[in-house]
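Okay, here's the structure, questions in a sec.
The values are calculated or read from the model by the stated rules, or taken from the named source; none is laboratory data. Fair warning: this is a prediction, and the values are worked out from it, not measured in the lab. When we count neighbours, we look across all protein chains shown, and the Cβ atoms used for this are built from the backbone with ideal geometry, even at glycine. Ligands, DNA and RNA are stripped out before the accessible areas are found, and what is left, the full protein with its side chains, is counted by its heavy atoms. Shrake-Rupley method; radii C 1.70, N 1.55, O 1.52, S 1.80 Å.
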Amino acid sequence: MTAAGTPPDPDLAIELRGISKSFGPVRANKDIALRVRRGTIHGIIGENGAGKSTLMSILYGFYKADAGEIMIGGKRTEIPDSQAAIDAGIGMVFQHFKLVENFTVLENVVLGAEEGRLLRPSLAKARKLLRQLADDYEMDVDPEAVIEDLGVGQQQRVEILKALYREADILILDEPTGVLTPAEADHLFRILRGLRDEGKTIILITHKLREVMEITDTVSVMRRGEMTATVQTADTSPEELAELMVGRKVLLRVDKAPARPGKAVLEVKNLRVTDVQGVERLKGIDLRIHAGEILGVAGVAGNGQSELLEVLGGYANGTGTIRLNDQTIDLTGTASDARTRRARGIAHVPEDRQREGLIMDYRAWENVGFGYHHDARFNSGIFMDNAALRADCAAKMERFDVRPPDPNLAAKNFSGGNQQKIVLAREIERNPDLLLIGQPTRGVDIGAIEFIHEQIVALRDQGKAILLVSVELDEIMALSDRIAVMFDGRIIGERLPSETDQGELGLLMAGMTGEAAA
Amino acid sequence: MDFLGIIQILDSALRLATPLLFACLAGLFSERAGIFDIGLEGKILASAFLSAAFAFYTGNVWLGLLAGIVASLMLSAIHGLASITFRGNQLISGVAINFLASGITVVVGEAWFGLGGRTPSLMGGARFAEITLPFADAIRGMPVIGPIYSDLLSGHSILVYFGLLCVPLTWWVLYRTRFGLRLRAVGENPAAVDTAGVSVVGLRYAAVMICGVLCGFAGAYLATALSAGFVKEMSAGRGFIALAALIFAKWRPWYALGATFLFGLLDAFGNRYQSLDLFGVDIPTQFMQALPYILTVVILAGFVGRAIPPRAGGKPYVKER
Amino acid sequence: QDSEPGLIIDLGGKFDKSFNESAYVGAQRWVEDTGGEYAEIELANEAQREQTMRRMAERGANPVVVLGFANASTLEAVAPDYPETDFVIVDMVVEQPNVKSVVFSEHEGSYLVGMMAGMASETGTVSFIGGMDVPLISKFACGYAQGVKAVNPDANVIVNMTGTTPAAWNDPVKGAELTRSQISQGSDVVFAAAGGTGIGVLQAAADEGILSIGVDSNQNHLHPGSVLTSMVKRVDNAVYDAFTASAAGELETGITVMGLENEGVAYAMDENNADLITEEMIAVVEEASDAIVAGEIQVHDYLSDNSCPVDL
Amino acid sequence: MTDSVMPKWADVALVPFINLALALFVSGIVVALIGKDPFEALYILVNGSVGSAYGWGYTLFYTTNFIFTGLGVAVAFHARLFNIGGEGQAALGGLGVALVLLYVPWPHWTIAMLAASVGAAFFGAAWAAIPAYLQATRGSHIVITTIMFNFIASALMVYLLSRVLLVPGAGGSPETARFAEAVHLPSAYEIAPWLGFSRSTPLNVSFFLAIAACIFVWLLIWRTRLGYEIRAFGHSEPAALYAGISPTRITMVSMLLSGGLIGLMAVNAVMGEAERLVIDPVQGAGFVGIAVALMGRSHPVGVFLAALLFGALYQGGGELTFEVNGMTREIILVIQALVILFTGALDNMVRSPIENLFATTRRRPASPEPTTPLEPGGHPERGKAEP
Ligand SMILES: Nc1ncnc2c1ncn2[C@@H]1O[C@H](COP(=O)(O)OP(=O)(O)OP(=O)(O)O)[C@@H](O)[C@H]1O
Ligand SMILES: Nc1ncnc2c1ncn2[C@@H]1O[C@H](COP(=O)(O)OP(=O)(O)OP(=O)(O)O)[C@@H](O)[C@H]1O
Ligand SMILES: [Mg+2]
Ligand SMILES: [Mg+2]
């Protein structure tokens, strides 16, 4: 089925043949073939680490392929760097935006595509063009705004405008909706459809099967570095796509018994957090979580969820009151750090396991004690008891099915899902009264998601209180016993999962309470 | 202190600030592009040596200047190779360059001149002469303006004026040209520059080379304008002070002028008032000599607080782990 | 005696244009005059002092000449281990039977050049630039100031030190700037005792058209017509004499003071500064010199009590 | 680092060795360029440093200094702090030693050494405290502040030695009086004359203190909770916060430890060798410590080996200037610089090709089975299931 040898088809905007790419020992792309028709929206799905971003980065000249060839518009094209890709009419919006944070929108747009050696004429010209593009595609952004002051949705528009400014015919978007509210996502899709109707070709990487079904014309599935299938969207179903992605049938729902909430474990009143720049991130949070209950916090990233976790976890300063098991927790002063919180029975699976939850250069056994390294059982006298840590690690790896079960491997050498399992094992096995858990399945493959969800529900069923923060509405809906929606540092509404739907939550996440209040 | 005394201190400050200014702007280019450079000191020293050596051999200070720039550029190339091409640790590379310059200048100097690392004294055309600005003599007599123009502004070597000119020039390049935009971007987020189709490596090398040229001026100024030849270790820590000034200036050109002038002023002041008698307490010379360093610490702690360096600074650009 | 003499050049290096260089010149002159050979080692760091001294002795060098006060306490410990070897230490006294200590009356030499400065000055302000604020340098400064005041009691003497790190001895830029600062305060004669830094001092003085005074070796030739004189300290003679005496087998241990009477210190006169010095100046200075030798004038030695009778 | 690709022996031995060889090769070119025989120079360098008991005495003496400064820099490195202030901290350590030994009549060198060590470590740590505090609380760049503190330290030392601690009438050398005979540290000659050390060898019991410091640092960094926290903080500050590790505390503690270790250098240099405090007792060892820590990968064993290397370079370089006429002592600086450059900054130049070499030789046996992913932590059973 590989296209090698077949004559080029001018109707194809892109054709990739035999693309391979390794990062050291990791083979991210293996002999990949891909054909994208002109004027279509082509979806690419696959588990985390399947190699989607890598493949697109190769197409955009960000990485160099080890082998394979690229045909653009039927012509074999060398793409040694991004400039070549831009010249070939390709634009890309990366999963992690490539914007200069302290530059203005305008400066970011012209960067690399300036008109001449002097800046002023380039900027003037770009300002005009930018306004026109913004009008054409209903993408309102202030050209003089500084990127770091913009929300992610706006930043994404800048990335798209950047590509359009360079007159891209082929637009690659890598997980564009991960950071958007449902309304923003809808808007984006309108724009994409408009672009397609103009004859542009769009490649869309996403994890959300619903979106694939909604907007793409064709969809390709990647699994562990290989392209496993390409199907017409009209001819497939979410269940089939999920199976193609993982290689086996997947439950897209979580099985759980109804909650039996007990006494209140955590009570939060008027919690406020101001960050180092002096911006108020939490503007008076009130919430309460009972034993045996999962409170899901939904919201678009950046609306204060991270700060909520941090202040509860003990490493952001805040004001207000937090009571755990009817005891007030010190919010300032020396007894307000993560170590004391842990001693009080709060465990925390942080949102970003690689930045916070693990020391990537520590071995697995060193990481299982992380945060609990003062525990008597990990210490003997003035020294740490490394043997105890190793034994503990081996046991946890066994129970949580961490692969490979080698305590001596450095954390960075585990895959994302296994890293997450190590963190979860560490925190859950503490048997905490309250578990804070942020983005439990971010960057985790579908198989592991099932396992992780089961563990969370099991902990709840033991009568523990759980605060779940996730940007994935599906996850929130599936796990929570109650849902709180955060917007702009406040809890803007609380719903029961049985009495709401994604539409309503989406509106709340966008800060629209009017209709819901009615 | 009388008016003339002030003028004289300012005059001295200007001279002392000039090498710092060159070095500070050099560091600014490099660090704005994301390459930290604690090897300024070494580059100044190497340039001072080679400029003096060539000025002596050729009798032409301009050829000396050129040679100084070449010397500094060679060290820049090493720094670029280590920190850009081979993605090494920029601080280590800087430390090595400082050692290398202190050693090689003396080793080579000894081999060439046999004077223990000194170059022979430079005479006449082998040194930068002092320039008298037009009408300086005519208006010297005028009150206030006279001394300011004729004593403070006039009578410096051409490099002083060039150094001052470099400030607006740097500002213009940084904020008004395509190159400047890209340079600033590469120090903040090299991936953005890369995906915009511009070579990160090319930009960073360009910045490191500009840094080399400017350090070349600093060294040549020391050896062929302020003094008349090279003496080993004659940079005497000025590269480090320039670095402090750069942080104090928050990596901005006009602030760099202010910061280096402040250090020049502290130095000039310390030279003038080496032993102070404060309310009957005899302040020892050593305290006055340490004062610029103490003040640097105080300034860093108090006024600058957290100076935010270019975000990608010091980190090699690695796409693939 | 067939063993060759040895010379240990101190930190600062043999081309420091002053102290070490002077010793080196003395040794070279001895080589030229006698055709003999000598061993020479340059110190690279503090910890090598003892190592080098012992190496020299073990190598069979005799006498072993060490330069500078920093060697004293090391020599104190080393000398007894090599009773067959004679040591010569310049600038410091070590009381061991096989050590000859040569000390200079820098204060007296400085006094004389101070007098010259005082007479040559038209502004009544003269100045001094030292390397580091250490006692030996203060000895120069103090003698100089006394000399200035002797001819002009109202004169103002500005004293500056270059720095506190080893770079202080190698910072001609700072030396030049200090000179300019002193000029702006009215000084028109500057005396530098600051190693490599002094090069910058003499240069700046020449550039700015004032007079300067060199130190240790005769530096008059550096800027003819600008260097008023040099306070020469005949370390070269000390070395030359030690080598010669030892070769003849008549090296005397004990303390030798090199002062005005034995031309251990002197002001330098040659064709380079002939035009700067008047007959009258020479007359006054010679008279003072004689008086000092005769003990009629006591020039205070800063080292004797770490203080100076005139304000520094 | 890339432990998955390269065997450990290549990482800690082969690559540094090649780097070193390159550095010496380039040094040889420099030597040849100034008209000297590089082979003779190499012979003198090696023979002078490790060819005799005499050479070893000096080599190990310098090694002792560099172990202390190297360990100090290494401890700070573990917390990702770059302590350039070794010069000042060691000088202050010297002051601590001198004060302790001058003003207390110690009965025996053992207690004196203990007290001097405390004094040295305390003063060294104190000199690191202000930059550490400013870094921890005000974010003042520690590289700059420690550099400034080097300058301030030298001013302070000159002041104290020429005005305060000076022995009156002793001739004006800016140094303190000699320490009492009772506090003389036994030298290698006195301890082990049968090894052939000469009476003059500067090597003394401080060497054992340095070894002890290596063991102490190893235990501290890899066996204690504090070390665990220091390393964690060095790897990731956000993670440290998450784990309840206080950045301020770790910054302070690791800099104090760093300064203290560096200060201990004075026990060797001031108490053991000079037996009095002179101006600049450090002689660049603070800077060499940076190179030593980098080369030794901040591991005590590595630091020991690197210190030995630099000690040998120092001693051998000294012999070089003794033996070869016209060889200036600055040649040592050049060699040092090249060693730092090649082993530190240009490391990847050698490492990458060697890594690739290992990668290809390793991948080759795997190639008959192309579907097996090499990704660690993958799902091997599925890999096998595929055709
Ligand atoms: N720069 C890099 N250096 C080393 N390994 C990399 C790099 N980028 C990606 N990888 C590895 O290559 C594999 C494929 O990664 P890629 O980012 O292409 O996956 P993806 O399908 O985009 O996943 P996600 O859904 O998480 O975005 C992963 O194992 C990843 O760890
Ligand atoms: N001589 C050395 N030079 C440089 N790095 C070293 C050296 N020895 C060890 N290392 C590195 O230091 C780190 C810690 O070493 P250490 O020996 O403490 O760990 P280990 O092998 O796990 O031993 P243990 O299990 O006994 O703690 C390792 O990453 C190792 O690569
Ligand atoms: Mg991706
Ligand atoms: Mg081990």
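To the nearest 0.05, how large is the calculated FRET efficiency for A:Asp149 and A:Thr328 if R₀ is 35 Å and r is the Cβ-Cβ distance?
Plugging the Cβ-Cβ distance into 1/(1 + (r/R0)^6) gives 0.45.
Just to compare against my own numbers: the Cα pair-distance distribution for the stretch C:2-111, 10 Å bins, whole % per bin, please.
All Cα pairs considered, the percentages come to 15, 48, 32, 5, 0.
Take the residue pairs A:Lys256/A:Lys421; A:Lys125/A:Lys162; A:Lys412/A:Lys464; A:Lys421/B:Lys319; C:Lys14/D:Lys36 and return only those whose Cα atoms are more than 22 Å apart.
The pairs that break the limit, which is 22 Å between Cα atoms, are A:Lys412/A:Lys464; A:Lys421/B:Lys319.
Can you pull the semi-axes for the stretch A:339-442, root of five times each eigenvalue of the Cα gyration tensor, sorted largest first, whole Å?
Semi-axis lengths for the stretch A:339-442 are 19, 18, 12 Å.
Using a cut-off of under 15 Å, list every residue of the stretch B:87-102 whose amide N is near the label point 7 Å from the Cα of B:Val318 along the Cα-to-beta-carbon line.
Within reach of a label on B:Val318, which here means backbone N under 15 Å from a point 7 Å along Cα→Cβ, the stretch B:87-102 contributes B:87-91.
Tell me, what is the Rg over Rh of chain A, with Rh the Kirkwood radius over Cα pairs? Write out the running numbers ahead of the final one.
Working: Rg = 24.4 Å, Rh = 24.8 Å.
Taking Rg over the Kirkwood Rh, I get 0.98.
Then there's this: Could you work out the local net charge near B:Val107, counting Lys and Arg as +1, Asp and Glu as -1, over the other residues with Cβ closer than 14 Å to its Cβ?
Numbers: positive: B:Arg118, B:Lys232, D:Lys36, D:Arg329; negative: B:Glu110, B:Glu233, C:Glu42, D:Glu330.
Value of the local net charge: 0.
Where nothing but the Cβ of Lys and Arg (+1) and of Asp and Glu (-1) is charged, how large is the charge dipole of the protein assembly as shown around its Cα centre, in debye to the nearest 20?
5880 debye
Next up: Could you compute the net charge surrounding C:Thr85? Neighbours are other residues with a C-beta less than 11 Å from the C-beta of C:Thr85; K and R count +1, D and E count -1.
-2
Just want the answer: with Cβ charges of +1 for Lys and Arg and -1 for Asp and Glu, which residue in D:Tyr54, D:Leu101, D:Leu22 is farthest toward the dipole's positive end in the stretch D:2-113?
The one lying farthest along the dipole's positive direction is D:Leu101.
Ignore the peptide's own chain and count Cβ atoms of other chains within 10 Å of each Cβ in B:108-120; give me the average, rounded.
The mean count of partner-chain Cβ atoms within 10 Å per residue comes to 5.
Just tell me how shielded C:175-181 is by partners: mean number of partner chain Cβ atoms within 10 Å of each residue's Cβ, no decimals.
Mean partner-chain Cβ count within 10 Å for C:175-181: 6.
Would you kindly work out the equivalent ellipsoid of the stretch B:110-221 from its C-alpha gyration tensor and give its semi-axes, the square roots of five times the eigenvalues, largest first in whole Å? Can you show the working numbers first?
Details: eigenvalues 291, 136, 13 Å².
That gives 38, 26, 8 Å for the three semi-axes.
Now a separate question. Give or take rounding to whole Å, what are the principal axis extents of the alpha carbon atoms in the stretch A:122-181, in descending order?
33, 29, 18
Let me ask you something else. On the first, second and third principal axes, largest extent first, how far apart are the outermost C-alpha atoms of the stretch B:193-317 in Å?
67, 39, 23
Charges only on Cβ, +1 for Lys and Arg, -1 for Asp and Glu: so what's the dipole of the stretch A:363-455 about the Cα centre, in debye to the nearest 20?
Here the size comes out at about 220 debye.
Given contacts defined as C-alpha pairs under 8 Å and at least six residues apart, what's the relative contact order of the stretch A:12-246, whole-number percent?
Relative contact order comes out at 28 percent.
Which of the listed residues, A:Gly194, A:Ile491, A:Ala168, is farthest toward the dipole's positive end in chain A, when Lys, Arg count +1 and Asp, Glu count -1 at the beta-carbon?
Sorting the options by dipole projection puts first A:Ile491.
Sticking with this one: Which of the listed residues, A:Asn386, A:Val141, A:Ala316, is farthest toward the dipole's positive end in chain A, when Lys, Arg count +1 and Asp, Glu count -1 at the beta-carbon?
Toward the positive end, the furthest listed residue is A:Asn386.
Placing one identical point scatterer on every Cα of the stretch D:137-287 and ignoring solvent, what is log10 I(q)/I(0) from the Debye formula at q = 0.14, 0.20 Å⁻¹?
Debye curve over Cα of the stretch D:137-287, log10 I(q)/I(0) at q = 0.14, 0.20 Å⁻¹: -0.90, -1.24.
Give me the summed buried accessible area for the A-B pair, 1.4 Å probe, to the nearest 100 Å².
Buried: approximately 2200 Å² between B and A.
Using only atoms on other chains, find how many Cβ atoms lie within 10 Å of each Cβ of peptide B:187-194 and report the average.
So the per-residue partner count for this stretch is 6.
Could I ask something else about it? Taking amide hydrogens as modeled 1.01 Å from N in the peptide plane, which residues meet the under 5 Å criterion relative to A:Gly262, leaving out close sequence neighbours?
HN-HN under 5 Å from A:Gly262: A:Ala291, A:Gly292.
With no other cysteine's Cβ closer than 4.7 Å, which Cys residues of the protein assembly as shown count as lacking a disulfide-compatible partner?
A:Cys393, B:Cys24, B:Cys166, B:Cys211, B:Cys215, D:Cys214
Let me ask something additional. Please tell me the relative contact order of chain A in percent, rounded to the nearest whole number, where contacts are Cα pairs under 8 Å and at least six residues apart.
Numbers: 1013 pairs, mean separation 73.8, N = 518.
Answer for chain A is 14 percent.
With a probe of 1.4 Å, find how much accessible area the stretch B:174-313 has per residue, and write the answer as a whole number in Å². Before the final figure, lay out the partial values.
Values: 4330 Å² over 140 residues.
Value for the stretch B:174-313: 31 Å² per residue.
Another question, then. Excluding ligands and nucleic acids, what accessible area in Å² is computed for A:Glu101 using a 1.4 Å probe, to the nearest 10?
That residue has around 70 Å² of solvent-accessible surface.
Ranked highest first by average number of other Cβ atoms within 10 Å, how do A:25-32, D:220-227 line up?
Highest mean packing first, the order is A:25-32, D:220-227.
Given a 1.4 angstrom probe, what's the average accessible area per residue across chain A, in square angstrom?
40 Å²
Leaving out same-chain residues fewer than 8 places away, which aspartates and glutamates sit with a Cα under 20 Å from that of B:Lys250?
Once the sequence-local aspartates and glutamates are set aside, what remains near B:Lys250 is A:Glu101, A:Glu148, B:Glu31, B:Asp37, B:Glu41, B:Glu188.
Apply the a/c threshold of 1.5 to the C-alpha gyration tensor of the stretch A:161-320 and tell me whether it is rounded, prolate or oblate.
oblate
How compact is chain B by the rule of thumb for globular proteins, expressed as Cα Rg over 2.2 N^0.38 Å?
So chain B has a normalised radius of gyration of 1.03.
Please get the size of the charge dipole for the stretch A:12-246, origin at its Cα centre, with Cβ charges of +1 on Lys and Arg and -1 on Asp and Glu, quoted in debye to the nearest 20. Kindly include the intermediate steps, with their values, before the conclusion.
Numbers: 29 positive and 37 negative charges, 147 e Å.
With only Lys, Arg, Asp and Glu charged at Cβ, the dipole is about 700 debye.
Separate question: Looking at the P(r) of the protein assembly as shown, how many percent of alpha-carbon pairs lie beyond 48 Å? Please list the in-between numbers first.
On the way: 535660 of 1181953 pairs.
Within the protein assembly as shown, distances greater than 48 Å cover 45 percent of Cα pairs.
Now, a different point. Can you tell me the order of A:282-288, A:198-204, A:49-55 when each peptide is scored by its average per-residue count of other Cβ atoms within 10 angstrom, highest first?
Values: A:282-288: 18.6, A:198-204: 20.4, A:49-55: 24.4.
In decreasing order of mean packing, A:282-288, A:198-204, A:49-55 become A:49-55, A:198-204, A:282-288.
If I take all pairs of Cα atoms in the stretch A:1-153, what percentage of them are more than 28 Å from each other?
34 percent
On to the next question. Rounded, prolate or oblate: which fits the stretch B:197-261 when a ≥ b ≥ c are the square roots of the eigenvalues of the alpha-carbon gyration tensor, with rounded for a/c under 1.5 and prolate only if a/b beats b/c?
Taking the square roots of the gyration eigenvalues as a ≥ b ≥ c, the stretch B:197-261 is oblate.
Sort B:185-198, D:71-84, D:188-201 by the packing proxy (mean of other Cβ within 10 Å over each peptide's residues), most packed first.
D:71-84, B:185-198, D:188-201
Give me the Kirkwood hydrodynamic radius of the stretch C:151-250, using the inverse of the mean 1/r over all pairs of distinct Cα atoms, in Å to one decimal.
Values: mean 1/r = 0.0682 Å⁻¹.
So the Kirkwood estimate lands at 14.7 Å.
On to the next question. Hey, what did chain B get for relative contact order, percent, Cα under 8 Å, at least 6 apart? Present the calculation step by step, with values, prior to reporting the outcome.
On the way: 595 pairs, mean separation 113.6, N = 321.
After rounding, I find 35 percent.
For A:Phe94, what is the net charge nearby, where nearby means another residue's Cβ is under 10 Å from its Cβ and Lys, Arg count +1, Asp, Glu -1? Display every interim value, and only then the final one.
Working: positive: A:Lys98; negative: A:Glu159, A:Asp174, A:Glu175.
Taking every other residue near A:Phe94 into account, the sum is -2.
Please state the shape class of the stretch D:60-325: rounded when a/c is under 1.5, otherwise prolate if a/b exceeds b/c and oblate if not, all from the C-alpha gyration tensor.
prolate
Non-local amide H neighbours of C:Thr125 (under 5 Å, H modeled in plane, Pro and chain starts lacking H): which ones?
For C:Thr125, the qualifying residues are C:Asn156, C:Asp188.
What percent of all Cα-Cα pairs in chain C falls into each 20 Å bin, going from 0 up to the bin containing the maximum distance?
Result returned by the calculation: 35, 55, 10.
Quick one: what are the phi-derived ³J(HN,Hα) couplings along the stretch D:97-102, Karplus 6.51/-1.76/1.60 with θ = phi - 60°, whole Hz, x for glycine and proline?
With the stated coefficients, the stretch D:97-102 comes to 4, 4, 4, 4, 7, 7 Hz.
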